[in-house]
Amino acid sequence: MSTIYEPEHIAISKSKGIRIDWKDGHHSEYNCAYLRDECPCASCTGAHGTKPEKTSYSQPPKDLFPMYKPTIRMSEVEPVGNYAIRILWNDGHNTGIYSFEHFRRICQCAECQNNSKE
Ligand SMILES: [Zn+2]
Ligand SMILES: [Zn+2]
């Protein structure tokens with residue numbers, strides 16, 4: 001039996017990120033860089049057997065002289081049915097459809113972090 005996660009309230013700030021209050025009382029917060037890196041689309045995850053093109057906006061740069069990265073922010077957010085939202089990013093990426101299940105899976109709160117370690 002799997003739990004259906006439903007948001008009670010979603011607060012979106014295109015420059016900062018997304019906050020979700022869940023119906024089961026859970027709270028999640030995601031900043032833009034983290035959400036962009038966790039994009040669930042086929043090209044970011046390599047779902048079609050292609051090389052995953054995962055971004056690293058939330059990681060510190062590895063190089064001493066990193067390539068210039070613009071500050072990531074959302075340019076548009078659209079609801080998709082009642083199960084997901086689509087996020088269009090200012091880096092031109094627009095294929096990410098974030099289901100609420102995905103949001104819940106990538107929750108960064110202490111409770112979820114502990115659960116995922118088991
Ligand atoms: Zn993507
Ligand atoms: Zn959580």
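What residue, of THR55, THR50, is β-branched (Val, Ile, Thr) and either closer than 21 Å to GLU101 by Cβ or in contact (Cβ under 8 Å) with a residue 12 or more places away in the chain (or both)?
On the way: THR50 fails: either closer than 21 Å to GLU101 by Cβ or in contact (Cβ under 8 Å) with a residue 12 or more places away in the chain (or both).
Answer to the check: THR55.
Within the set of pairs 6 or more residues apart or between chains, which connect a residue that is more than 10 Å from ligand 1 (Cβ to nearest atom) inside the range 22-44 to a residue that is small (Gly, Ala, Ser) with Cβ atoms less than 6 Å apart?
TYR30/GLY17; ASN31/GLY17; CYS32/GLY17; ALA33/SER58; TYR34/SER58
Which numbered condition in (1) more than 27 Å from ASN115 (Cβ to Cβ); (2) of a type in the set (Asp, Glu); (3) more than 15 Å from ligand 1 (Cβ to nearest atom) is the only one that GLU76 fails?
The one condition GLU76 does not meet is (3).
Test LYS14 against the criterion of being more than 16 Å from ligand 2 (Cβ to nearest atom), within 20 Å of CYS107 (Cα to Cα), at pLDDT 90 or above and among the basic types (Lys, Arg), and give yes or no.
Values: more than 16 Å from ligand 2 (Cβ to nearest atom): yes; within 20 Å of CYS107 (Cα to Cα): yes; at pLDDT 90 or above: yes; among the basic types (Lys, Arg): yes.
Judged against the criteria, LYS14 is a match.
Which pairs have Cβ atoms under 6 Å, sit 6 or more apart or on different chains, and link a residue in the range 77-90 that is over 12 Å from SER15 (Cα atoms) to one that is surrounded by fewer than 13 Cβ atoms within 10 Å (Cβ to Cβ) and among the hydrophobic types (A, V, I, L, M, F, W, C)?
Cβ pairs passing all conditions: ARG86/VAL80.
The values are calculated or read from the model by the stated rules, or taken from the named source; none is laboratory data. As the structure is a computational prediction, the values presented were derived from the model and not from experiment. Heads up, the Cβs are rebuilt from the backbone with ideal geometry, glycines too, and the neighbour counts pull from every protein chain shown.
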